[in-house]
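Q: My questions will all concern the structure given below.
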Amino acid sequence: MQHVGFIRLDQGTPADFALALAAEKAEKPGLPGRVLELLRSLDRDDTCYRVTRYEHSLQTATRALRDGADDELVVCALLHDVGDLIAPDNHGGFAAAILEPYVSERNAWVVRHHGLFQGYYYFHHVGRDRDARDAFRDHPWFGAAETFCERWDQLSFDPEFESETLETFVPLVRRVFLREPGANREVR
């Protein structure tokens with residue numbers, strides 16, 4: 001592989017940056033696979049839950065798919081917890097940062113805030129305010145986050161639930177991550 005000539009950005013030439021941009025473009029088709037590998041890393045049985053985080057993600061996406069959600073929202077449901085092992089105190093923000101260039105502002109916001117909205121179902125058991133999500137009550141996407149958690153996320157810890165396989169979701173992940181960044185950033 002050819003390398004750029006600089007060791008500091010301010011020393012780069014137009015040819016160096018043309019090479020760098022071409023290399024980044026060549027890596028783009030592998031993005032969906034790398035994201036799916038991150039998801040697969042959640043398939044660990046060292047959890048107290050009755051299903052792995054990976055299975056939880058499949059269940060959440062399956063519920064969204066069967067509920068008629070569009071491809072983008074199904075992908076958000078699939079990937080909403082990919083940050084659990086890497087950024088446990090900000091897993092929603094981590095997942096949203098990965099999704100944000102490729103999904104609508106609304107869907108990125110839902111993923112970013114789903115942890116707080118999920119708290120409605122359990123915060124009162126751990127000494128926190130289950131109504132903390134009400135700080136966003138007047139936000140235009142409050143209802144979307146509420147629905148995401150109520151209908152899909154909080155229900156998806158069931159070892160008896162029959163999820164779709166990951167292969168069901170691969171084409172959707174490819175479609176979302178292979179579009180141009182910002183192509184679907186309109187507010188929905």
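Q: Go through the range 16-45 and give me each residue that's free of Cβ contacts under 8 Å to residues at least 24 places away in the same chain, within 21 Å of GLU100 (Cα to Cα) and open to solvent by less than 40 Å² (accessible area, probe 1.4 Å).
A: GLY30, GLY33
Q: Okay, next question. PRO159 - would you say it is surrounded by fewer than 12 Cβ atoms within 10 Å (Cβ to Cβ), in a loop (DSSP other than H, G, I, E, B) and at pLDDT below 95?
A: Working: surrounded by fewer than 12 Cβ atoms within 10 Å (Cβ to Cβ): yes; in a loop (DSSP other than H, G, I, E, B): yes; at pLDDT below 95: no.
No: the conditions fail for PRO159.
Q: Among the residues of the range 171-188, what is the count of those that are surrounded by 14 or more Cβ atoms within 10 Å (Cβ to Cβ) and at pLDDT 95 or above?
A: Residues that pass the stated criteria total 6.
Q: Let me ask you something else. I want to confirm something. Restricting to the range 96-106 and keeping residues that are of a type in the set (Gly, Ala, Ser) and part of a helix (DSSP H, G or I), which single residue is most open to solvent (accessible area, probe 1.4 Å)?
A: ALA97
Q: Additional query: Being crowded, with 16+ Cβ neighbours inside 10 Å, touching a residue at least 24 places away in the same chain (Cβ under 8 Å) and in contact with an Asp or Glu (Cβ under 8 Å, 6 or more places away or on another chain): is that true of GLN154 here? Even if it seems obvious, please write down each step before you answer.
A: Values: crowded, with 16+ Cβ neighbours inside 10 Å: yes; touching a residue at least 24 places away in the same chain (Cβ under 8 Å): yes; in contact with an Asp or Glu (Cβ under 8 Å, 6 or more places away or on another chain): no.
No: the conditions fail for GLN154.
Q: Suppose we keep only residues that are basic (Lys, Arg) and assigned to a helix (DSSP H, G or I) within the range 40-95. Which one would you say is farthest from PHE161 (Cα to Cα)?
A: Residues of the range 40-95 that are basic (Lys, Arg), as a first pass: 40, 44, 50, 53, 63, 66.
Filter once more, keeping what is assigned to a helix (DSSP H, G or I): 40, 53, 63, 66.
Details: ARG40: 19, ARG53: 14, ARG63: 10, ARG66: 13 Å.
For the range 40-95, the residue satisfying everything is ARG40.
Q: Right, another one. For THR13, all conditions in the list (1) surrounded by 14 or more Cβ atoms within 10 Å (Cβ to Cβ); (2) modelled with pLDDT of 95 or more hold save one; what is the number of the exception?
A: (1)
The values are calculated or read from the model by the stated rules, or taken from the named source; none is laboratory data. Predicted model, so just to flag it, every value in this text is computed and none were measured. Cβ atoms come from the backbone with ideal geometry, glycine included; neighbour counts cover every protein chain shown. Each accessible area value is taken on the protein alone, full model and side chains, heavy atoms only, with ligands, DNA and RNA left out. Shrake-Rupley method; radii C 1.70, N 1.55, O 1.52, S 1.80 Å.
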